[in-house]
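J.: Handing you a structure now.
The values are calculated or read from the model by the stated rules, or taken from the named source; none is laboratory data. All of these numbers come straight from a predicted model, not from anything done at the bench. Cβ placement follows ideal geometry from the backbone for every residue including glycine, while neighbour counts extend to all protein chains displayed. SASA here: full protein model, heavy atoms, side chains in, ligands and nucleic acids out. Shrake-Rupley method; radii C 1.70, N 1.55, O 1.52, S 1.80 Å.
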Amino acid sequence: MTFQEALYALGVREDTLSEEEKFTLDRDGFLPLPNLVPAEQVIRMRQAMEELFVLEKTGEPDRPTECTNMQNKSADFDICFTHPRLLAGIAHVLKEDFRSLGIHSRPNRPGRGHQPLHVDYGGTPAKPGEYFVCNSMWMLTDFTEENGPTRVVPGTHRCGKHPPEVMKDPKEPHPEEIKLIGTAGTVAIFNSHLWHGATLNRSSADRPNVTSFWCRREGPHANRSSDWGVLSPEAFARLNEAARYLFIASSG
């Protein structure tokens, strides 16, 4: 099976995203896809995420701040790397063969979460149209102004600079930033070279979400642990050939 055959088997076609959606992703660096996840699936994903947080004590003192490789821990997250609309968006950004770096989540507790604007890439700023990493945010609750939505600065994936090169303090608001507001079940695909960062959760409840992270198979990519995106034997046995292919680290 080739990479393109795998995408085709998973339902990706040239028109899976509209030309307008592709243009928006190119111009702004992000694309919200409302109602991508059915309500009942949102509930299952949220329950599975919360159970993993409890099991792994994620976010507790002296415990992991993030639950990683959730593709190995519950089939409820398979949609996060097999949905054709997601894969079409990742393919449009990365252009070349790509691989999953796994499904991950961290508790977004009240009173916490603010991040400086950053990119999810450890190399030099990308040249416009030549991108190495792409991410997606899966909203498992409504993202509101109050509960710490991710902020993005549209178009900054094309600026050839990282936030510290331009901003005195990337923790501060940017005059052109917007917040990714959406209802539960919305998925926001965003070019990981886009300036972005979570904001402070000012609500009285958690803001549950998971991320599905991707990179080109060849060339530099985000400075992540080498075990990100590795399939367990159980997950390998569960998935079909096309889905497995998305976790191959190299085409060589």
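J.: Ordered by residue, what ³J(HN,Hα) values in Hz, to whole numbers, does region 37-50 give under the Karplus form 6.51 cos²θ - 1.76 cosθ + 1.60, where θ = phi - 60° and Gly and Pro are x?
T.: In residue order, the calculated couplings are 9, x, 4, 5, 6, 4, 4, 5, 5, 5, 5, 4, 4, 5 Hz.
J.: Taking 8 Å as the Cα distance limit and 6 or more residues as the minimum spacing, I'd like the relative contact order of region 1-118 as a percentage.
T.: 32
J.: Rounded, prolate or oblate: which fits region 17-144 when a ≥ b ≥ c are the square roots of the eigenvalues of the alpha-carbon gyration tensor, with rounded for a/c under 1.5 and prolate only if a/b beats b/c?
T.: prolate
J.: Rounded, prolate or oblate, given the Cα gyration tensor of region 102-252, with a/c below 1.5 counting as rounded?
T.: Oblate is the answer for region 102-252, as a/c is 1.5 or above yet b/c matches or exceeds a/b.
J.: Remind me, relative contact order of the chain in percent, using alpha carbon pairs under 8 angstrom and six or more residues apart?
T.: Value for the chain: 31 percent.
J.: Could you pull out which residues in region 178-205 have an amide N less than 17 Å from a spot 7 Å beyond the Cα of LYS95, following the Cα-Cβ vector?
T.: 191-194, by backbone N distance to the label point.
J.: Further question: Residue-wise, which Karplus ³J(HN,Hα) couplings in Hz belong to region 77-84, taking 6.51 cos²θ - 1.76 cosθ + 1.60, θ = phi - 60°, and x for glycine or proline?
T.: Karplus-based 3J(HN,Hα) across region 77-84 equals 9, 4, 4, 6, 10, 10, 5, x Hz.
J.: May I pose another question? If I model a spin label at ILE43 and SER250 as a point 7 Å from the Cα along the Cα→Cβ vector, what separation in nanometres do I get?
T.: Reported label-point gap for ILE43 and SER250 is 4.6 nm.
J.: Count neighbours as other Cβ atoms within 10 Å of each site's Cβ, and list the GluC sites (Glu not before Pro) in region 135-208 that are DSSP loop with at most 14 such neighbours.
T.: The qualifying sites are GLU145, GLU176.
J.: For region 1-82, what is the convex hull volume of its Cα atoms per residue in Å³?
T.: Taking the convex hull of the Cα positions in region 1-82, it is 151 Å³ per residue.
J.: Send over a whole-number figure in Å² for the accessible area per residue of region 29-182, probe 1.4 Å.
T.: On a per-residue basis, region 29-182 sits at 46 Å².
J.: Over 30 Å between Cα atoms, which of LYS73/LYS161; LYS22/LYS127; LYS57/LYS161; LYS22/LYS161; LYS22/LYS57 qualify?
T.: In this structure, LYS73/LYS161; LYS57/LYS161; LYS22/LYS57 exceed 30 Å between Cα atoms.
J.: Also, I was wondering about something else. Using a probe of 1.4 angstrom, how much of the accessible area of region 1-84 is carbon and sulfur, in percent?
T.: 51
J.: Dividing the convex hull volume of the Cα atoms of the chain by its residue count, what figure in Å³ per residue is obtained?
T.: 128
J.: Kindly write out, for region 3-17 in residue order, the coupling ³J(HN,Hα) from the Karplus curve 6.51 cos²θ - 1.76 cosθ + 1.60 (θ = phi - 60°), rounded to whole Hz, with x marking Gly and Pro.
T.: 4, 5, 5, 5, 4, 5, 4, 8, x, 7, 10, 4, 9, 4, 9
J.: Using a Gaussian network model of the chain with C-alpha springs under 10 Å, which one of THR156, THR124, THR16 is most mobile by mean-square fluctuation?
T.: THR124
J.: When a/c is below 1.5 the answer is rounded, else prolate if a/b is larger than b/c, else oblate, so apply that to region 70-137 with a ≥ b ≥ c taken from the square roots of the Cα gyration tensor eigenvalues.
T.: Judged from the Cα gyration tensor, region 70-137 comes out oblate (a/c at least 1.5, b/c at or above a/b).
J.: Now for a different question. Roughly how many percent of the accessible protein surface of region 116-159 is carbon and sulfur, given a 1.4 Å probe and a whole-percent answer?
T.: Answer for region 116-159: carbon and sulfur cover 51 percent of the accessible area.
J.: Subtracting the Cα-Cα distance from 0.36 nm times the residue separation, let me have the gained length for GLU51 to SER232 in nm, one decimal.
T.: 63.3 nm
J.: Over region 118-231, what is the mean sequence separation of C-alpha contacts under 8 Å (at least six apart), divided by residue count, expressed as relative contact order in percent?
T.: Relative CO of region 118-231 lands at 46 percent.
J.: Give me the extension gain from ASN240 to ARG63: residue separation times 0.36 nm, minus the current Cα-Cα distance, reported in nm with one decimal.
T.: 60.4 nm
J.: Follow-up question, since we're still on this one. Using 0.36 nm times the number of residues separating GLU145 and LYS168, minus their current alpha carbon distance, what extension gain do you get?
T.: Going from the current span to full extension adds 5.8 nm.
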